[in-house]
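Accompanying notes for the structure given below.
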Amino acid sequence: QVQLVESGGGLVQAGGSLRLFCAASGSTFSINAMGWYRQAPGKEREWVATIGSGDYTNYASSVKGRFTISRDNAQNTMYLQMNSLKPEDTAVYFCNAIARFGDYWGQGTQVTVSS
């Protein structure tokens, strides 16, 4: 089992920055890749970014160049640095871990970008 807890969300003006955190615990040795997803009101959950083995990263086109995903394996923490935020980035952001024994999700953290 893997437990994920997100933090760092909040209210920010357009053009501002936020840094999200995802703390992993439990069977973290079994994690193969991690990522961030988001869900805006009335919309389906969408993929934002992934970080895999060898620190491979990939981003949705809507955030590429503005968001940076990273992780600290010693601290079992993943980050999402979000710069140049736009109102359309407003959503609940979820942390995801793909592990040997299953697929795990955090409870989400709200990000609100005002215009």
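The values are calculated or read from the model by the stated rules, or taken from the named source; none is laboratory data. What you see is a predicted model; the values in this text were computed from it and never measured. Note that we place each Cβ from the backbone using ideal geometry, even for glycine, and neighbour counts take in every protein chain shown. Heavy atoms of the whole protein, side chains included, go into the accessibility calculation; ligands, DNA and RNA do not. Shrake-Rupley method; radii C 1.70, N 1.55, O 1.52, S 1.80 Å.
Data overview
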{"quantity": "Where chymotrypsin sites (Phe, Trp or Tyr not before Pro) fall in DSSP loop in region 1-105, at most 15 other Cβ within 10 Å", "calculated": "TYR56, PHE101"}
{"quantity": "Cα gyration tensor shape of region 21-89, rounded if a/c is under 1.5, else prolate or oblate by comparing a/b with b/c", "calculated": "prolate"}
{"quantity": "Label-point separation in nm, GLN75 to GLN13, each point 7 Å along Cα→Cβ", "calculated": "2.8 nm"}
{"quantity": "Alpha-carbon centroids, region 67-115 and region 1-54: separation in whole Å", "calculated": "2 Å"}
{"quantity": "For the chain: relative contact order, % (alpha-carbon pairs under 8 angstrom, 6 or more apart)", "calculated": "37 percent"}
{"quantity": "Per residue, in Å², the accessible surface of the chain once ligands and nucleic acids are set aside, probe 1.4 Å", "calculated": "52 Å²"}
{"quantity": "For region 66-112: rounded, prolate or oblate by the Cα gyration tensor [a/c cutoff 1.5]", "calculated": "oblate"}
{"quantity": "With every protein chain in place, the chain: carbon and sulfur % of accessible area (1.4 Å)", "calculated": "48 percent"}
{"quantity": "Surrounding net charge for ASP89, when Lys and Arg each add one and Asp and Glu each subtract one, Cβ distance under 12 Å", "calculated": "+1"}
{"quantity": "Loop trypsin sites (Lys or Arg not before Pro), region 1-68 (other Cβ atoms within 10 Å of the site Cβ: 14 or fewer; DSSP)", "calculated": "LYS43, LYS64"}
{"quantity": "Neighbour net charge for SER62 - beta-carbon separation under 11 angstrom, K R +1, D E -1", "calculated": "+1"}
